[in-house]
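Data first, discussion second: the structure below is written as structure tokens.
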Amino acid sequence: MCAICGFTIDQQPKPKVQELLQRMNRVMNYRGPDDEGEWLDSNMALGHRRLSIIDLSPAGHQPMFLPDAGAAISYNGEIYNFLDIRRELENRGRKFRSRTDTEVILHAYAEWGDGFLQKLNGMFAFAIWDTQKKRLLLARDRMGKKPLFYYHNGRRFIFASEMKAILLHPDVPRDIDSEALGFYLNYGYIPAPWTIFKQIRKLRPAHFLIFQKDQMEEKPYWQIPAFHETPEDTDENDWLEQFESILQDAVRIRLISDVPLGAFLSGGVDSSAVVTMMSRVADSPPKTFTIDFSQKEFSEAEDAACVAGILKTDHTAMQVTMKGLQLLPQLVWHFDEPFGDSSAIPTFYVSRMAREHVTVILSGDGGDELFAGYMNYLRSQKYNWLLALPHSIRAHTLAPISRILPVGAPAKNTLYYLGKARKGLGAQELGVFPYITENLISDDFRSTFCTDGRLWQVLPEWRNMNGMNGVSRLQYIDARVYLPDDILVKVDRMSMANSLETRAPLLDYRLVEFAARVPRSLKLQNGQGKILLKKWLSRYLPKNIVYKRKHGFAVPIRDWFRNPQNGFTHELLLSQRFRKRGYFKPRVVEKILRLHEAGRQDYSTWIWLLLNLELWFQTFMDSDTRKI
């Protein structure tokens, strides 16, 4: 795994260009600690940091220039089917000088043009500079596992794996995008193509961007299929055999590496499925890693140890304590923009622990979204009949009831969404944390953005999704928005902060296309989700493990924020610096801290969002504290 960066050159002296490239490279050194490189011609500068995974020799040095292709590349990621593509290219007369997938990408571009993107099965973000056409191509993988940001002001074009590298360029301003901040407060993250900065954008998953002659164009090359299930009369065993066949190959090709591999193992269905298949196809017992908490309701250590024992893995566990809050400034640095998912803490720790033993890890990311594992899918089935009521009745009954229920009550958000939604039901349609925008935000700030989340801006096709049932609709929204902009961001930043490469077999695009066709009876049944995965996993693990109650990857921040030793929450959120920003009502902030610490309400999610936001301002915006 690596980091990439680059920018167009406008008659700048070569020493200054090289100095800037080196600074951009080195601010992301943890993403690629093994090597660094720069390449430039009269129009374009490319930078690269390398974490060596395949072909550890100097032949894999980047940026890589290939005279036969007339192009240079800076590439981050892994193409899992690169050997198949290489054989096809060799049959067409292409000659190779290394064993890298990097060189395969360049030859494929020279052979097939932009259409070669359709052939790639992997996780990637790369930039190809065509020296003959003076044309830059940026591309990002289908599901958005690898990040790619860019800045374009009509003249200058800059890109990088992380925004902090772009911010080093003197041409880039730091203007806050109020709309993006509104997204953060609604969802807990900022969806692509937005970033917290007005002038910097994310390249969306499954898209490529062409920059040529000061003109920029972004296009999709693939799209997640709509979740329209196959009729229920199809054969269950056939579905199970198809799933096993695709998963087996997805895991097999992700075991290609010249460095040690392992797997995250929570004891849940998704990671257990990956480790089960890994145990069946790997040459030796896999190394597995899990995180534990002293609070039993948050711990999956026993479940993970049980699965590890059955599969005979080389297992390691680590307990996370309240000291995890001390990580917060470090997490903010790695995310580059406000990010509200507190499970980043255990993700960081399990990545750090795994990196002591391996360089590549397999994860179970994607199972909940693709095979309907989240509780809100079950709630959608339970409450969806209420949508038949006129919107005016729902708005004046359900939403007020939701406000009476205590924070954290299972039906609170669902009733709120049902009261507000005009069509369909989805947490992502109206925001995950609507009460923050309703109660906390100052009147001046409220006027600068829409408090309803504006999903139609993130997913233009959302307005035409009425033909999908409620569960399929939710799955599609989560796969297109929540998965790439929350889950995969968290895993990428926390693993790369520890120079660890993470691979997700369940997000192989062939499994994604397969999951979109799975009948509803193999998704949800008798109050259980992920029926297909559980039926398959039951072939190899005891049913009491497979069909246990779902346990999310949660963190005991509720208790941590009530601990008297937690002094920095007050220090940050009651400070004059925080008040002067003018985004929130100080009295309401004081109230939620008081009620939470007294144990009368659980406002931990609100507090976490505010802490992350304040630390982000201090790290990236305040002139006296910012690090870049």
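The values are calculated or read from the model by the stated rules, or taken from the named source; none is laboratory data. Computed from a predicted model, the values in this text were never measured in an experiment. For neighbour counting, all protein chains shown are included, and Cβ atoms are generated from backbone atoms with ideal geometry for every residue, glycine included. What goes into the accessible areas is simple: the full protein's heavy atoms, side chains included, and nothing from ligands, DNA or RNA. Shrake-Rupley method; radii C 1.70, N 1.55, O 1.52, S 1.80 Å.
Brief remarks on what is shown
- Note on residue 245 and residue 156: the extension gain reaches 27.3 nm, defined as 0.36 nm multiplied by sequence separation minus the Cα-Cα distance.
- Total formal charge among the other residues, if their Cβ is under 15 angstrom from that of residue 580, Lys/Arg +1 and Asp/Glu -1: 0
- Two-site FRET efficiency, residue 112 against residue 319, from Cβ-Cβ distance with R₀ of 35 Å, rounded to 0.05: 0.10
- The chain, relative contact order [Cα under 8 Å, separation at least 6], %: 15
- Dmax and Rg, reported as Rg then Dmax, of the chain (C-alpha, Å): 24.1, 73
- Ordered by solvent-accessible area of protein heavy atoms (1.4 Å probe), largest first, the residues 48, 207 come out as 207, 48.
- Surrounding net charge for residue 86, when Lys and Arg each add one and Asp and Glu each subtract one, Cβ distance under 10 Å: -2
- Under the simplified labelling scheme, the residue 568-residue 538 pair shows an inter-label distance of 4.7 nm, with each label point 7 Å from Cα along Cα→Cβ.
- Distance (nanometres) between label positions extended 7 Å along Cα→Cβ at residue 219 and residue 84: 2.4
- 28 Å Cα-Cα threshold exceeded, pairs from 164/219; 591/627; 16/133: 591/627
- Charge dipole (region 474-603, unit charges on Cβ, about Cα centre) - positive-most of 504, 599, 487: 599
- Between residue 443 and residue 585, the simple spin-label model (points 7 angstrom out along Cα→Cβ) gives 1.0 nm.
- Per residue of the chain, the DSSP helices (runs of n ≥ 4 H) give a summed -39500 (n - 2.57) that works out to -11000 deg cm²/dmol at 222 nm.
- If you sort the three axes of the alpha carbon gyration tensor as a ≥ b ≥ c, you get a/c of 1.5 or more for region 95-147 and a/b no higher than b/c, which makes it oblate.
- Antiparallel %, DSSP beta bridges [both residues in the chain], to 5: 75
- Extension gain, residue 174 back to residue 404 (0.36 nm per residue minus Cα-Cα distance, nm): 78.8 nm
- Summing charges over neighbours of residue 316, with a neighbour being any other residue whose Cβ is under 13 Å away from its Cβ, gives 0 when K and R count +1 and D and E count -1.
- The largest accessible area among 626, 26, 50 belongs to the first residue in 26, 626, 50, and the rest follow in falling order (1.4 Å probe, all chains).
- Percentage relative contact order, region 136-175, counting C-alpha pairs under 8 Å, at least six apart: 26
- Residues within the reach of a label modelled at residue 521 (point 7 angstrom out along Cα to beta-carbon, backbone nitrogen below 19 Å), restricted to region 362-376, are 371-372.
- Pairwise centroid distance, computed over Cα atoms, of region 151-229 with region 303-364, Å: 28
- In region 150-213, one over the average inverse separation of all distinct C-alpha pairs is 12.6 Å, which is the Kirkwood hydrodynamic radius.
- Residues of region 156-173 with amide N under 19 Å of the 7 Å Cα→Cβ point at residue 626: 158-173
- The calculated FRET efficiency for residue 14 paired with residue 35, based on their beta-carbon distance and R0 = 35 Å, is about 0.95.
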